[in-house]
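Everything below concerns the one structure shown next.
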């Protein structure tokens, strides 16, 4: 793809994002203005639920950082030693 097409696609996508933000802000404002707290409660609950589902389904274990082998930490004997207590 040419640079111009990629730039226009990103710009259009950003415009839709701002349109969604503006539309939801107007909706929330109108619900508060007309005191529709029950609908606000339902929308907030659904929003948090959707966010939690997205996070739960995210494949965080397959990121680039987790692909690197981790150096194993040497075993220490401090766990076996009794803890010092203050008296």
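Any read-out appearing in this document is the output of simple, stated calculations on the displayed coordinates, not a laboratory observation. The structure displayed is predicted, hence computed values, not measured ones. Methodologically, a virtual Cβ is constructed for each residue, glycine included, from the backbone with ideal geometry; neighbour enumeration extends over all protein chains shown.
Between residue 54 and residue 26, what FRET efficiency comes out of the Förster formula 1/(1 + (r/R0)^6) with R0 = 41 Å and r the beta carbon distance, rounded to 0.05? Don't jump to the answer; show the numbers that get you there.
Values: r = 24 Å, r/R0 = 0.59.
The value I calculate is 0.95.
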Would you mind ranking 86, 12 so that the residue whose beta carbon has the fewest other beta carbons within 10 Å leads the list? 86, 12
What fraction, in whole percent, of alpha-carbon pairs in region 3-57 exceed 19 Å separation? 52
